[in-house]
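Notes follow once the structure below has been shown.
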Amino acid sequence: MRSDTHQWLVLWAARKMASDGYTIRGYDGPTPQGGIWNRLPPPPLLQDIRPDVFGARNGFLDVAYGEAKTATDLMSAHTNRQFQVLAESVTCRGVRLYVTVPRSASCLLDKTLNRVGLLGNRAVVRLHVPDVLVSGEIRDCA
């Protein structure tokens with residue numbers, strides 16, 4: 001889903017990946033303030049899903065995928081399918097998954113990651129963006 005909130009979260013995922021040394025090679029833009037990333041091709045398909053961001057470092061020895069999820073996204077069957085596919089990738093050495101959510105959705109993220117067996121996986125990098133920095137929804141985790 002490409003809501004304004006989602007696209008802001010895509011930007012934050014890419015920013016974190018870049019700050020961790022990944023070169024962004026695929027990007028689901030355009031996003032606000034995406035700059036040159038907005039001109040990149042979309043990330044490659046993994047099975048039948050396309051992550052929001054793709055990055056690499058050390059040549060392509062280390063790769064990372066970024067997923068931006070709103071609270072509504074976290075409750076969808078589509079997200080479960082995406083995370084199941086990505087879970088297969090993060091079991092490989094040198095692959096990381098960056099998941100960016102509004103801070104108010106962090107406990108929904110816990111539930112989703114738990115359902116697909118990724119909760120607590122050290123290859124998963126979580127970024128809880130303060131709601132005020134993304135437009136749109138503010139929800140309880142109930």
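Here the relative contact order of the range 19-142, from alpha carbon pairs under 8 Å that lie six or more residues apart, stands at 20 percent. Label positions at Glu88 and Arg103, each projected 7 Å from the Cα along the C-beta direction, are separated by 3.7 nm.
Just so you know, the Cα atoms of the chain work out to an Rg and Dmax of 13.8, 43 Å.
Which whole-number percent gives the relative contact order of the range 35-108, counting Cα pairs below 8 Å spaced six or more residues apart?
Working: 83 pairs, mean separation 22.3, N = 74.
Here the relative contact order equals 30 percent.
Taking 0.36 nm per residue of separation and subtracting the current Cα-Cα distance, fully stretching the chain between Asn38 and Leu133 would add 32.3 nm. Volume of the convex hull of the range 63-142 (Cα atoms only), normalised per residue: 82 Å³.
Give the distance, in whole Å, between the Cα centre of the range 109-128 and the Cα centre of the range 37-94. If we compute the Cα centre of each part, the gap is 13 Å.
Calculated FRET efficiency, Ala77 and Arg2, Cβ-Cβ r, R0 22 Å, to nearest 0.05?
On the way: r = 18 Å, r/R0 = 0.81.
Computed FRET efficiency for Ala77 and Arg2: 0.80.
Only the coordinates and a few stated rules stand behind these numbers; no lab work does. Keep in mind that this is a model prediction, so the values were computed, not measured. Virtual Cβ from ideal backbone geometry, glycine too; neighbours counted across all protein chains shown.
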